[in-house]
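A.B. asks: What follows is a structure written as structure tokens; I'll ask about it next.
The values are calculated or read from the model by the stated rules, or taken from the named source; none is laboratory data. Predicted, not measured: the structure shown is a model, and the values here were computed from it. Quick reminder, even Gly has a Cβ in these numbers, built from the backbone with ideal geometry, and neighbours come from all protein chains shown. Accessible surface is based on the protein model in full, side chains and every heavy atom, while ligands, DNA and RNA are left aside. Shrake-Rupley method; radii C 1.70, N 1.55, O 1.52, S 1.80 Å.
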Amino acid sequence: MTAMGAKATGAGASSHTAQMWDQANWSRIEAEVKRLQVRIAKATREGRWGKVQALQRLLTRSQSGKMLAVKRVTENRGKRTPGVDGKIWSSPAARWNGMMSLRHRGYRAMPLRRVYIPKSNGKKRPLGIPCMWCRAMQALWKLALDPVAETLADPNSYGFRPERSTADAIEQCFITLAKRASPEWILEGDIRGCFDNFSHPWLLEHVTMDKEVLQRWLQAGFIDEGTLFETSAGTPQGGIISPVIANMALDGLEAAVYASVGSSKLARSKAQLNVIRYADDFVVTGASRDVLEHKVLPAVRQFLAIRGLELSEEKTRITNIAEGFDFLGQNVCGFRRSRACIPT
């Protein structure tokens, strides 16, 4: 074959794959993925974990799941930000070829590219940027993990969940604290380096997904200024699936708080316990400082310790609603002890 013929063949192949991507029936693809997600959620509610794993395997091996995963990572805000390999899937042909490359056999997670994002206090927050291949694999498994996470989620968890927001969490604060008989004491919880310290053994045992794939993500490491660093704990901040994994690890906090005062609804009602959580930020209400300090706080510490986490002693405190507390960028305070005010 001549050079011109080879070039034409390559161009023809690229044109064909681009056409395959452009002609995708996205309505049908989304419907197929949604149908499998509903079945996963139903199996989760019924506690049929073998069925859950079988359906997850079906979804993550399906072309529809792979197409939707690639679509999401190539249309979000980070679509032009490459990982350590410097590649982005900007063309329809690249997206189709990327979809075809999403195979579990032989999958090896690449290290993340470490960047630093400025924080409001002048410090910098480390962020890991996965390569497009790993990003798409994470998006694919997120499709399979979301139904499990949503089915098992704490009722008052609001961070990084579908149809929930910071505004919902603040509204729940108002609902909980605005009545005349509302609790007056607040435990402000701050987890020290949450995403950096999750126990890998705990995650591998309790997160319902392919353990080998999860382990490769957790132990992929990161490259900072040309040096490879290993990761022995935590979830990779910047990965599309990390918030889901973090939420699954922290789900159960509400039950632990309620159990700290006994198993009866009367005991919980008398203690006026309520938990409001947004990702790793949370508050717990209580009828008295004594309940929060001597019953709730030890239970929270024990819950976190099992997962490799601990509270920040400097930022965790118990306050009266009359003093007010900061939560998700807003100040929630008492007003004449009859309702809560949320200044803008």
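A.B. asks: If the limit is 30 Å between Cα atoms, which of 87/315; 270/315; 34/124; 79/123; 66/87 go over it?
C.D. replies: 87/315; 34/124, as the Cα separations exceed 30 Å there.
A.B. asks: Which residue, 174, 185, 137, has the largest displacement toward the positive end of the dipole of the range 132-225 when charges sit on each Cβ (Lys, Arg +1; Asp, Glu -1)?
C.D. replies: So the residue we want is 174.
A.B. asks: Quick check: convex hull of the Cα atoms in the chain, volume per residue, rounded to a whole Å³?
C.D. replies: Residue-normalised Cα hull volume stands at 168 Å³.
A.B. asks: Please list the non-local residues whose amide H lies under 5 Å from the amide H of residue 330, H modeled 1.01 Å from N, same-chain partners needing a gap of 5 or more.
C.D. replies: Those lying under 5 Å, H to H, from residue 330: there are none.
A.B. asks: Still on this structure: If you add up the charges near residue 240, with Lys and Arg at +1 and Asp and Glu at -1, over every other residue whose beta carbon is less than 9 angstrom from its beta carbon, what do you get? Mind dumping the intermediate values first?
C.D. replies: Details: positive: 72, 135, 142; negative: none.
It works out to a net charge of +3.
A.B. asks: Please give the helix 3-22 orientation as an angle from the longest Cα principal axis of the chain, in degrees from 0 to 90, rounded to the nearest 10.
C.D. replies: 40 degrees
A.B. asks: Show that you can apply the helix-only estimate: for the chain, add -39,500 (n - 2.57) for every DSSP H stretch of four or more residues, divide by all residues, and state [θ] at 222 nm to the nearest 500. Mind showing how you got there, number by number?
C.D. replies: Numbers: 14 runs with 158 residues, N = 344.
The helix-only estimate for the chain comes to -14000 deg cm²/dmol at 222 nm.
A.B. asks: Round to a whole angstrom and tell me the spacing of the C-alpha centers of the range 261-312 and the range 218-235.
C.D. replies: 33 Å
A.B. asks: Follow-up question, since we're still on this one. Once you charge only the Cβ atoms, +1 for Lys and Arg and -1 for Asp and Glu, what is the size of the charge dipole of the chain about its Cα centre, to the nearest 20 debye?
C.D. replies: 980 debye
A.B. asks: While we're here: Which whole-Hz ³J(HN,Hα) couplings does the range 211-227 yield from phi under the Karplus relation 6.51 cos²θ - 1.76 cosθ + 1.60, θ = phi - 60°, glycine and proline marked x?
C.D. replies: Per residue, the Karplus-derived 3J(HN,Hα) values read 5, 5, 5, 4, 4, 5, 5, 5, 9, 5, x, 8, 10, 10, 6, x, 10 Hz.
A.B. asks: Now for a separate question. Around residue 134, what is the net charge, scoring Lys/Arg as +1 and Asp/Glu as -1 over all other residues with Cβ under 10 Å from its Cβ?
C.D. replies: +2
A.B. asks: Which FRET efficiency value, to the nearest 0.05, is calculated for residue 85 and residue 259 with the Förster distance at 51 angstrom and r the Cβ-Cβ distance?
C.D. replies: 0.60
A.B. asks: Leaving out ligands, DNA and RNA, and with a 1.4 Å probe, what % of the accessible surface on the chain is carbon or sulfur?
C.D. replies: Reported share for carbon and sulfur atoms: 51 percent.
A.B. asks: Now, a different point. So how much slack lies between residue 38 and residue 165, counting 0.36 nm per residue of separation and subtracting their Cα-Cα distance, in nm?
C.D. replies: Between residue 38 and residue 165, full extension yields an extra 43.5 nm.
A.B. asks: For labels at residue 108 and residue 331 in the simple 7 Å Cα→Cβ model, what's the distance in nm?
C.D. replies: Rounded to a tenth, the inter-label distance reads 5.5 nm.
A.B. asks: Hey, can you find the accessible area per residue of the chain for me, probe 1.4 Å, expressed in square angstrom?
C.D. replies: 52 Å²
A.B. asks: In sequence order, what are the phi-derived ³J(HN,Hα) couplings for the range 178-195 according to the Karplus relation 6.51 cos²θ - 1.76 cosθ + 1.60 with θ = phi - 60°, rounded to whole Hz, with x for glycine and proline?
C.D. replies: Rounded to whole hertz, the list is 8, 8, 4, 9, 5, x, 10, 10, 10, 9, 8, x, 10, 8, 6, x, 3, 5.
A.B. asks: Would you calculate the separation in nanometres between label points at residue 51 and residue 269, each defined as 7 Å from the Cα along the Cα-to-beta-carbon direction?
C.D. replies: Computed distance between label sites residue 51 and residue 269 equals 3.5 nm.
A.B. asks: To the nearest 0.05, how large is the calculated FRET efficiency for residue 63 and residue 180 if R₀ is 41 Å and r is the Cβ-Cβ distance?
C.D. replies: Values: r = 58 Å, r/R0 = 1.41.
Plugging the Cβ-Cβ distance into 1/(1 + (r/R0)^6) gives 0.10.
A.B. asks: Next question, about the same structure. Quick check: pseudo-label points 7 Å beyond the Cα along Cα→Cβ at residue 317 and residue 212, how many nm apart are they?
C.D. replies: 5.1 nm
A.B. asks: Around residue 67, with a cut-off of 11 angstrom between Cβ atoms, what is the net charge of the other residues, counting Lys and Arg +1 and Asp and Glu -1?
C.D. replies: Computed value for this residue: +3.
A.B. asks: Expressed as an acute angle from 0 to 90° and rounded to the nearest 10, what is the orientation of the C-alpha long axis of helix 166-177 relative to the principal long axis of the chain?
C.D. replies: That helix lies at roughly 20 degrees to the long axis.
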